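Chemist: Mind having a look at this structure? Questions to follow.
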Amino acid sequence: MRAVRVRAIVALVTAGGAVFACETNRNVGGVGRDTTPPTITLTPVVNDTQNVTTGLQFTVSASDNLTLSLIRLTYTGGYVAGPVDTTFPVGTPNVSFQRTITFPANTTVGGNVRIVGRAVDGAGNFSEDTIQIFMINVQALNILIVQPVNGAQASTGLSLPIQVIAFHQGGIRKVGFLSSPPGAVTNPTGTDSASYPVPYPDSVNYYDTVTVAAASGTITLTGFAEDSGGRRGTSSSVTVTLQTAATDTTPPSVSDVVPTRVEVSDSVSVHATDPSAISWIGMRVRSLGGAVLRFDSLNVGAGNLSDVTRNFSLNLAGIVTTFPTDVLVQGYACDKATARNCAFSQVGGVPGAAQKNDTATVVAGVTRPLPAGGTIADAIFDANDSTLFLTNPTLSRLEIFQVANTAFVAGGIPTAGPQPWGIALWPRDTVGNYGDTVVVANSGGTELSIIDVRPSARRLVWRQDLPNYLIETYKVLVSTGASRQEITVHDVSDRPQYVATVCRAAGGTACAPDSIFAIYSTTPTQSSSSPFNGKATLRMEKLINTLDTTQLFGHFFWEIGATPVGSGTDTLRIEMRRGLPYNQTKVILSACAGVNVLLNTFGLGDSTFARNSGNFTHAFIGEGGIATQFARVFAYTSKARLVHDVPVGPCATGGGTSDAGFNDVDFGMSPGVDVSDFISNTGVHVSAIATNFNGETNVVRADSIYFLDEGLRLKGASVAPVGAPGMDMNYNHNNAAGQPGLPANRILFAARPDANIDVFDTFYYGVIGSIPIRDPITGPLRVARDAAGNQLLFGITARGLVMLRLPPIANPFPTPGSVRTR
């Protein structure tokens, strides 16, 4: 949606009849009165679709030939406030500032917010600018009156279309419209509203057509709706002006709304109004050189409507192939008068005014809204049938996006478990093949869902119950004549969040059936004891559908925090507990191992990302969602030894005490010394991670983009803006960090907050290009390859999923020459 702008300029001028006024009204001193109004411009910050969590943000710029006196801001629609005045001292000709309005967590602000800014100068002249910003808020009762638009014209006896949209997460039970004055319109249906039965829909689109009964004046129309709790809200109002259709020689009032950035299949909204009714309505698209690219029109004369709004697809696929490309867009309409008056969009929608040409930039990609709303936490691409699977924790389902028809499967997979978050593919071998199964981390429970995603099935296969881990510190207290153990227990029964999958091969490349593992981070609970309250942990679980505890295996990655004995360290002991029906308690790390940790830094950030390599031999984990002075990343390889289920002890722990159990250790996880090495090279929290096909190049997005090898050694960095989380590497990227590889393969894609995607070289670390898209990436970004070898890019924006078919990327950076001896 584009910010809809209306300008009004008013100056204090002397009326024509006052030229002959008496001498006392003349300007005797000869000094001309200031009649020049100021200028004012309102501009949305970043985008005209904003999330209520980040506040309502826009900038104000105003200027005057002499001095500004006042800026007045008034808010209506989805947020009502004002007027809010800002005054300035004499002699201030120019001002520019940003307004950010923040809202509480439970705010009901949402939908279209209309902002009117008025600039007043010292002489009282003023001008106005108006924009609309759409506020995304699932908690708000949002009501929009779409038709007619403000300033529409009508005549007695003609039809007037009305469209009201309402949506609310809790459901809509009634929607309709109000008209003023009473009796100005008549409705053949006898009612001006519609009611809905339980279960209430969360969004409704109400259409109606009324007949104009009034002969003159104006009609005010307002949409209304009631949510499931009976709370009533109204939209902003629109005013319809009544005119006489007789001897009409004036062309229709025509306006259009087109975003400043558009995709090839985006729509243009064209509005036309005329007292003689509208017969034809359409749209024209031209190149900047004037060549007509599209001209579409529609016969609407049978409706006898004095106010018509229609959406037309730009339909520029195959016509515009280079991005970005600027085009000129105009609306078009003809009336039903005998003279058949026609016009293109006019400045301000005023008949007789100059033609209005909207410049739109055509950008790459196609965006599709989520079929049932909600939010997306993670996504993975299955090239077996060219399908992207996305986790929707808000609705507890998997979304299915089919590349072939660029459409979502309406029903998704509703059996994905409680609040699915992370998602990964099921490994088949260590060369990149996988099955038609995904592993989903259920952040609303303590299990992983194993889901068959074949089109013929799309169902839950089993849920893998996850164990509870008790993190313990072990001390021996020595007193006169006696010693005793002191074991302090920290219960961190957290739920899984992000997940990666790896496997161990059985002598070749095929995954051993009993060696497929999920590596997952947890979403922490505040109820955990300090210092683990609000902190996550990192774990691994063998994926197997059984209740036999002898076949089950779980591991808590204590290796990432191991540190030499020193001031403040604690001896670590870990117990695993599987409740009924398993009823298993097991010491998986005894005090006999002598592992020491700094307990207050052992917990991880509350949003710790996990990704696996394309060949399922490596995993990469990044600690995000924290506000400390450092961030940690962890690397894992399934090629290293995994030692488990070897009994240890009893071993003497001092003073006659002893401990026993198992000392499971995974040598594939990066040790604490490597983790600390990365800490010294960064400085802020991680917002995204990526790993390549073989796991030998790992990328971290923090204050910059950092490139690491599989041992977490820093090889280079690229400067990139913060505030955009999405990042992924070229699917064919298989070279080790710090090694040149092929220029065509060493590509990284990183989203920017300004709706562009930067393209980096991962050996020289420079920007080699930028891809423009319509909306900023706000969620995960994934690059994949389909069965035909084409590369695809997917990203989550505020308006849904954007997909790009990536062309071959020309990398201007060369492959280094061979080493020569002198």
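Chemist: Full extension from residue 191 to residue 639: what is 0.36 nm times the residue separation minus their Cα-Cα distance, to one decimal in nm?
Modeler: That works out to 154.2 nm of additional length.
Chemist: Classify the stretch 275-412: rounded, prolate or oblate, from the alpha-carbon gyration tensor (a ≥ b ≥ c, eigenvalue square roots; a/c under 1.5 rounded; otherwise prolate if a/b is larger than b/c)?
Modeler: prolate
Chemist: Also, I was wondering about something else. What is the set of long-range amide H partners of residue 437 at a cut-off below 5 Å, with H atoms built 1.01 Å from backbone N?
Modeler: For residue 437, whose amide H was placed from the backbone, the distant partners under 5 Å are 426, 453.
Chemist: Around residue 806, which amide H atoms from residues at least 5 apart in sequence, or from another chain, sit under 5 Å from its own amide H, with H modelled in the peptide plane?
Modeler: Here 791, 792, 793 satisfy the definition.
Chemist: Rounded to the nearest 500, what is the 222 nm mean residue ellipticity of the chain from helices alone, with -39500 (n - 2.57) per DSSP H run of 4+ residues and division by all residues?
Modeler: -500 deg cm²/dmol
Chemist: Also: Short version: ³J(HN,Hα) in whole Hz for each residue of the stretch 429-437, in order, from phi by Karplus 6.51 cos²θ - 1.76 cosθ + 1.60 (θ = phi - 60°), x for Gly and Pro, what are they?
Modeler: 7, 9, 10, x, 8, 9, x, 8, 9
Chemist: Could you derive backbone 3J(HN,Hα) for the stretch 120-137 from the dihedral phi with the Karplus parameters 6.51, -1.76 and 1.60 (θ = phi - 60°), listing whole Hz in sequence and x where the residue is Gly or Pro?
Modeler: 10, 9, x, 8, x, 5, 8, 9, 10, 9, 10, 10, 10, 10, 8, 9, 7, 7
Chemist: Could you list the trypsin sites (Lys or Arg not before Pro) in the stretch 264-360 that lie in coil according to DSSP, counting only those with at most 15 other Cβ atoms within 10 Å of their Cβ?
Modeler: Listed in order of number, the matching sites are 340.
Chemist: Using a 1.4 Å probe and ignoring any ligands, DNA or RNA, find the accessible area of residue 576 and quote it in Å² to the nearest 10.
Modeler: So the heavy atoms of residue 576 present about 10 Å² to solvent.
Chemist: Now a separate question. Quick one: order 206, 764 from most to least accessible surface, probe 1.4 Å.
Modeler: 764, 206
Chemist: Could you compute how much accessible surface residue 203 exposes when probed at 1.4 Å, giving the result in Å² to the nearest 10?
Modeler: Rounded to the nearest 10, the figure is 70 Å².
Chemist: Something else now. Would you please give the FRET efficiency between residue 506 and residue 457, computed as 1/(1 + (r/R0)^6) with r the Cβ-Cβ distance and R0 = 41 Å, to the nearest 0.05?
Modeler: The calculated FRET efficiency here is 0.95.
Chemist: Got a sec? What order do 555, 685 fall in by accessible area at 1.4 Å, biggest, i.e. largest, first?
Modeler: Reading off the accessible areas and sorting them downward yields 685, 555.
Chemist: Follow-up. Label points 7 Å out from Cα along the Cβ direction at residue 36 and residue 580: separation in nm?
Modeler: Taking the simple label geometry, residue 36 and residue 580 are separated by 8.6 nm.
Chemist: Quick one: order 421, 558 from most to least accessible surface, probe 1.4 Å.
Modeler: Listed by decreasing accessible area, they come as 421, 558.
Chemist: Now for a different question. Around residue 408, under 11 Å between beta carbons, what's the net of Lys plus Arg minus Asp minus Glu among the other residues?
Modeler: Taking every other residue near residue 408 into account, the sum is 0.
Chemist: While we're here: Give me the accessible area per residue for the stretch 573-678, probe 1.4 Å, as a whole number in Å².
Modeler: With all protein chains present, the stretch 573-678 gives 38 Å² per residue.
Chemist: Right, next: Let me check I've understood the local charge: for residue 645, count other residues with C-beta under 11 angstrom from its C-beta, Lys and Arg +1, Asp and Glu -1. What total comes out?
Modeler: Net local charge, residue 645 excluded: 0.
Chemist: I've got another one for you. Among bridges DSSP assigns within the chain, what percent are antiparallel (round to 5)?
Modeler: Of those bridges, close to 95 percent are antiparallel.
Chemist: Same structure, new question: Sequence gap at least 6, Cα distance under 8 Å: using those rules, report the relative contact order of the chain to the nearest whole percent.
Modeler: Over the chain, the number comes to 7 percent.
The values are calculated or read from the model by the stated rules, or taken from the named source; none is laboratory data. Please read these numbers as outputs of a predicted model, since none were measured by experiment. Please note: Cβ atoms are built from the backbone with ideal geometry, for glycine as well, and neighbour counts cover all protein chains shown. Each accessible area value is taken on the protein alone, full model and side chains, heavy atoms only, with ligands, DNA and RNA left out. Shrake-Rupley method; radii C 1.70, N 1.55, O 1.52, S 1.80 Å.
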